[in-house]
Amino acid sequence: MDLTYPPEVADFRRELRAWLAAELPAAWAAPGFWTTLGEDESFDLRRGWERRKALAGFGGIDWPTEYGGRGGSPTMAALADAELARARAPRSVNPLGLTFLAPTVMAVGTPEQKTGILAPMLRNDVIWCQGFSEPESGSDLGSVRTRGERDGDDFLVHGQKVWTTSARHADRMFALVRTDPAASRHRGLSLLLIDLRSPGVEVRPIRQLSGISEFGEVFFTDVRVPAADCVGGLGNGWATAMLLLSFERGASAMGQYTDFRRAYDQIVEVARALGRDRDPSVRQSLARRLVELECLRYHALHVLTEVERGRDLGFASSVTKLQWSQAYQGLFDTFDEVLGADVGLDHPLGEFGESGGLDLTALRRESFWTRSVTIWGGSSQIQRSIVAERVLGLPNSRLA
Amino acid sequence: MFFALTDEQRALAETVRDVLADRFDLTAVRAVFEDTGGDGHPRELWRTIGDQGWLSVCVPVDQGGLGLGLVDAQVIARAFGAGVLPGPWASTVLAGEAVRRFGSSAQATAVLGPLGGGELVATVALRGPGGGLGRPGIAVRATSDGRLYGMASGVEYAAVADLLVVAALEAAPETAPGADADATGGTAVVPVDGVGLYLVDPCAVGVRVAPQSGFDGTTRLAAVTLEGVLGRRLPGSDDAALADLLRRGAVLAAADLVGLAREALRRTVAYDSARVQFGRPVGSFQALAHHLADLHVAVTMAEHAVLFAAHAVDSTPADIPANVTPADTPADATELADPVDVEPVDVDRVDAVLAVAIAKSKASDTARDVTAAMIQYHGGIGYTWEHDTHFFYKRAKRLAAAYGDSGDHLAEIARTAVGPMS
């Protein structure tokens, strides 16, 4: 056991911390700042900020330098996530591209794709969204129906994708498309890169239960996509998609932990302000949430160690997803307990009512958001089946 | 950055498991379990355990020990938990830690060598009947000349111990010596100034050891009554020392619990993969499979938490003040219109007090859940005396309450994270 960082990593953290202190606008960290902005305004601010971050050398921390990255270690990348969360820097507007598409292109992309996709993504010149889910294809990804018909050097794409994060702001989509209708299920799929500015693309926002519209649905009517804009080989889309999803590594839980821990500390502050910090039941509930959050931190350290040792985490990433999503969601169940009878009020009065109440807008929005985290990226039920069958080795529930 | 066991520590875990599989499997455990009149001490195994250095894992090299830390000790504790092994290993190691950390060099020399070699069995007596964790739970008083009066309960393996480490309340020094001399156990009139740890010979006049029966046949417990026996004080002991010893005990108990939980889960998965009903293995039903998956996540987290806690204790200086109470400044709502403005935390910080509380509460709850599921998912056979499930379930039930139960540790976590109660 050794929880210290090598000197170059410690230096990197100091450097990033100093840069964030100097460059991150103080107003952005103010309570509720982001909730006062419209979605477009918020997106533009974040897009520009992330570009400045990349130009300052703090993007693509663990990307090879040849692709415009910093050439750092997984530990540096994980620490950067944590530092950004710590400084309350806004989250990336290009997470699907950065997390999933970029490493996939590095692994199986053509030289032209590597040049054309990676550096522009880092600068946020191109915002990416993911086109996997469809109305009839949620957890059962092999059943996608969106089809691409060959037309000379192009495909004509026809169909619909849904639950598309950042659909409204994205420039391009990496989409799982059925390019060979004759082949069965997992065969005959290709990962196509679709320009969302093309004729025949229609994007409609979906309003979520939180009231905001981060998701959307995307309709394709004979959208022309060059066959060259396929990653991982035509007809090889299933394997490419599985490779792509495997990059959701647990190391990123460092940033999540820091984010969740900030929410935890805010909820404790609310409990104090409301005088609920002396309620034994609330105290025990808060203590239990901290146990799960700290376990997530230990787990992130463990996963990072394995990644640094070059070990493939395989299906253990389902353990990470279950732990972080349930710890995060549970934390906001406790938030409700803290608010008690005033849970339904947007501005519950403090114990000393003259204060005019607490502004809980941001925490409330986060609270509703947590309902989604056990659904997207593989629902908890799918994750449990993966853990049961692939980690514990229990018999397959569908074939038995 | 290395959050994992080293190759040596992995090899140690394998060796312990191999030795138990070869020398003390569940059939041997059952023999001890059912021999309720016996002392529960697997002597035939103890020479090996001593020779392997498993008793001297934390004893310094110059005292003949391995000179390792709690991270290594928890490797052994996990393997012993997995084997639901009877015997005074944890109590002996813990007594050794008290002597190593708070004893004089003469005491260390006299005790640690024989203890590490397996010739001397030791145990700790840190609480009275019904007593909780720490100073409030102690029912032994020490006079200024070192005579001990009172009682300790649930003392592991006291009946086979050659040495007791007893926690005792100490009178304020200004108290008249005459009052001390009259003090007897149970009279709570003498003001308490502090706590001391004392070495006591259980065979001495003024000590009575009475076995206490209990449902966990993988261990033996006893009540120890002290009637004026002269204890040898560990000169470095005080409230902080007691807290330190309790933290180490909590880590070892938590390690035993996670080792036990992992093995209980493994056995349940194996059984449910083979047991066929409705023409298919019952483990293929999602009602079972998903719960077992959740338990795997919980056990994994508990393993991490125990490893982190052991490391936190190993890497923390000795002098954590006891009964740490953060400055009592009740928050004023008028100052908190900005609930967002809180200090950020670092991902690599280490807080031993918090880490131990987290590990013990997580391990206790997890082992309870897993062993209950072990019974449930074995069906009727899992509820029989003939099956081995109850060794795991009962040991987990006892250890979950040892060195603070989940509620005790959650209260400690709340004190750290939320603030004082009043």
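The values are calculated or read from the model by the stated rules, or taken from the named source; none is laboratory data. Treat the numbers as computed from the prediction; the structure is a model and nothing was measured. Neighbour counts run over all protein chains shown; Cβ positions are idealised from the backbone, glycine included. Ligands, DNA and RNA are excluded from the accessible area calculation, which covers all protein heavy atoms including side chains. Shrake-Rupley method; radii C 1.70, N 1.55, O 1.52, S 1.80 Å.
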Among (1) buried (at least 20 other Cβ atoms within 10 Å of the Cβ); (2) facing chain B (nearest Cβ under 8 Å); (3) over 30 Å from B:VAL356 (Cβ atoms), the one test that A:LEU339 misses | (2)
Of the residues in the range A:281-311, how many are among the charged types (D, E, K, R) and modelled with pLDDT under 95?
-> 4
So which residues in the range A:172-200 are open to solvent by 10 Å² or more (accessible area, probe 1.4 Å), in a loop (DSSP other than H, G, I, E, B) and out of contact with any Cys (no Cβ under 9 Å at 6 or more places or on another chain), if there are any at all?
-> A:ASP180, A:PRO181, A:ALA182, A:ALA183, A:SER184, A:ARG185, A:HIS186, A:ARG187, A:ARG197, A:SER198, A:PRO199, A:GLY200
Can A:LEU55 be described as more than 21 Å from the chain's Cα centre (by Cα) and away from chain B (no Cβ under 14 Å)?
-> yes
A:HIS169 passes all but one of (1) open to solvent by less than 10 Å² (accessible area, probe 1.4 Å); (2) touching a residue at least 60 places away in the same chain (Cβ under 8 Å); (3) assigned to a loop (DSSP other than H, G, I, E, B); which number fails?
-> (1)
Only residues that are facing chain B (nearest Cβ under 8 Å) and in contact (Cβ under 8 Å) with a residue 40 or more places away in the chain: list them for the range A:387-400, please.
-> A:VAL387, A:VAL391
Which strands (runs of 3 or more DSSP E) sit wholly inside the range B:82-201 and have at least 3 residues that are modelled with pLDDT under 95?
-> B:192-200
Are any of the residues in the range A:260-280 open to solvent by 10 Å² or more (accessible area, probe 1.4 Å), more than 10 Å from chain B (Cβ to nearest Cβ) and at pLDDT below 95?
-> no
Pick out the one residue from B:ASP405, B:ASP369 that is within 17 Å of A:ARG283 (Cα to Cα), within 26 Å of the chain's Cα centre (by Cα), more than 9 Å from chain A (Cβ to nearest Cβ) and open to solvent by 20 Å² or more (accessible area, probe 1.4 Å).
-> B:ASP405
Flag if A:LEU322 is in contact with a Phe, Trp or Tyr (Cβ under 7 Å, 6 or more places away or on another chain), buried (at least 22 other Cβ atoms within 10 Å of the Cβ) and not basic (Lys, Arg) | no
Candidate set: the range A:85-114, residues that are charged (D, E, K, R) and more than 14 Å from chain B (Cβ to nearest Cβ); chosen: the one least open to solvent (accessible area, probe 1.4 Å) = A:LYS114
Taking the stated definitions as given, is A:GLY142 in contact with a Lys or Arg (Cβ under 7 Å, 6 or more places away or on another chain), touching a residue at least 60 places away in the same chain (Cβ under 8 Å) and on the phi > 0 side of the Ramachandran plot?
-> no
Flag for B:LEU112 being farther than 27 Å from B:ALA355 by Cα, in contact with a helix residue (DSSP H, G or I) (Cβ under 9 Å, 6 or more places away or on another chain) and without any contact (Cβ under 8 Å) to a residue 60 or more places away in the chain | yes
Among the residues of the range A:128-142, is any in a helix (DSSP H, G or I) and outside the structural domain of A:ILE375 (by TED's automatic domain parsing)?
-> yes
Output the number of residues of the range A:294-325 satisfying the condition of being assigned to a helix (DSSP H, G or I), more than 8 Å from chain B (Cβ to nearest Cβ) and within 17 Å of A:ALA77 (Cα to Cα).
-> 2
Please enumerate the residues belonging to the range B:27-60 that are in contact (Cβ under 8 Å) with a residue 60 or more places away in the chain, in contact with a Phe, Trp or Tyr (Cβ under 7 Å, 6 or more places away or on another chain) and part of a helix (DSSP H, G or I).
-> B:VAL29, B:PHE33, B:ILE49
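Tally up the residues in the range A:201-230 that are under 20 Å from A:HIS158 (Cβ atoms) and either buried (at least 18 other Cβ atoms within 10 Å of the Cβ) or polar (S, T, N, Q) (or both), please.
Keep residues of the range A:201-230 that are under 20 Å from A:HIS158 (Cβ atoms), which gives A:201-204, A:216-230.
Now narrow it down to the ones that are either buried (at least 18 other Cβ atoms within 10 Å of the Cβ) or polar (S, T, N, Q) (or both): A:216-218, A:220-221, A:223, A:225, A:229-230.
Counting residues in the range A:201-230 that are under 20 Å from A:HIS158 (Cβ atoms) and either buried (at least 18 other Cβ atoms within 10 Å of the Cβ) or polar (S, T, N, Q) (or both) gives 9.
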List, please: which pairs have Cβ atoms under 8 Å, are six or more places apart or on different chains, and start with a residue in the range B:398-422 that is in contact (Cβ under 8 Å) with a residue 40 or more places away in the chain and end with one that is in a loop (DSSP other than H, G, I, E, B) and of a type in the set (Phe, Trp, Tyr)?
-> B:ARG398/B:PHE215
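Restricting attention to the range A:185-214, report how many residues are of a type in the set (A, V, I, L, M, F, W, C) and either without any contact (Cβ under 8 Å) to a residue 12 or more places away in the chain or out of contact with any helix residue (DSSP H, G or I) (no Cβ under 9 Å at 6 or more places or on another chain) (or both). Lay out the reasoning, then the answer.
Our first condition is that a residue be of a type in the set (A, V, I, L, M, F, W, C); within the range A:185-214, this holds for A:189, A:191-194, A:196, A:201, A:203, A:206, A:209, A:212.
Applying the additional criterion that residues be either without any contact (Cβ under 8 Å) to a residue 12 or more places away in the chain or out of contact with any helix residue (DSSP H, G or I) (no Cβ under 9 Å at 6 or more places or on another chain) (or both) yields A:194, A:196, A:201, A:203, A:206.
Residues flagged as of a type in the set (A, V, I, L, M, F, W, C) and either without any contact (Cβ under 8 Å) to a residue 12 or more places away in the chain or out of contact with any helix residue (DSSP H, G or I) (no Cβ under 9 Å at 6 or more places or on another chain) (or both) within the range A:185-214 amount to 5.
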Within the range A:122-153, can you find the residues that are open to solvent by 30 Å² or more (accessible area, probe 1.4 Å) and under 15 Å from A:VAL225 (Cβ atoms)?
-> A:ARG147, A:GLU149, A:ARG150, A:ASP151, A:GLY152, A:ASP153
Could you please let me know if A:ARG371 is more than 7 Å from chain B (Cβ to nearest Cβ), closer than 30 Å to A:ASP342 by Cβ and at pLDDT 90 or above?
-> yes
